[in-house]
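Where a number appears in this text, it was derived from the coordinates with a stated rule and is not lab data. All figures in this text were calculated on a predicted structure; none of them were measured in a lab. As a convention, Cβ positions derive from the backbone with ideal geometry for all residues, glycine included, and neighbour counts pool all protein chains shown.
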Amino acid sequence: MYYVYPPGYYYSPYYYHAAWPVRQYPAVDPELFQQSANETKKLMNDANVILDKLGDSKEFNAQLMEAAQVSDEEEVNRLIHSLDIATEVDASFNPDNLRLEFRSQAPDTGLQCCRLLIALRWG
């Protein structure tokens, strides 16, 4: 049994290989990546300060949870920022958890380079 392909349907196996363009990649510049890593270390240090306080102080936790229970965002933010932290932190909460989002910018470019999100469940 023979199969006959209509004209135009047979291609040499080398046809596509020769037609593929060679991809050119730009040179890598690890500067921003390195800055992001260093800034993230700072975010993690500040997160560690907050987590140490939350892990050690039932009184602080009670104040934070009571403020969150009555939806007092100002008090929750005041309590979080009362700790000795240097980075920007956005705190959001609901009846089940507390979310802390730490953000930082690269010092040379001013671009937001890194973000650290921590979610803690309390209910």
### Task
Give the peptides 63-74, 41-52 in descending order of average Cβ contacts within 10 Å, highest first.
41-52, 63-74
### Summary
Residue span residue 103 to residue 45: 0.36 nm per residue of separation minus Cα-Cα distance leaves a gain in nm of 19.6 nm
### Query
To the nearest 0.05, how large is the calculated FRET efficiency for residue 111 and residue 69 if R₀ is 30 Å and r is the Cβ-Cβ distance?
0.20
### Task
Using a Förster distance of 41 angstrom, determine the FRET efficiency expected from the C-beta separation of residue 94 and residue 22, and round it to 0.05.
0.20
#### Entry: Computed over region 25-123, Cα set: Rg, Dmax in Å
15.9, 55
### Query
How large is ³J(HN,Hα) for each residue in region 45-61, as worked out from phi by the Karplus curve 6.51 cos²θ - 1.76 cosθ + 1.60 (θ = phi - 60°), to whole Hz, x for Gly and Pro?
5, 5, 5, 5, 4, 5, 5, 4, 5, 5, x, 9, 10, 5, 5, 5, 4
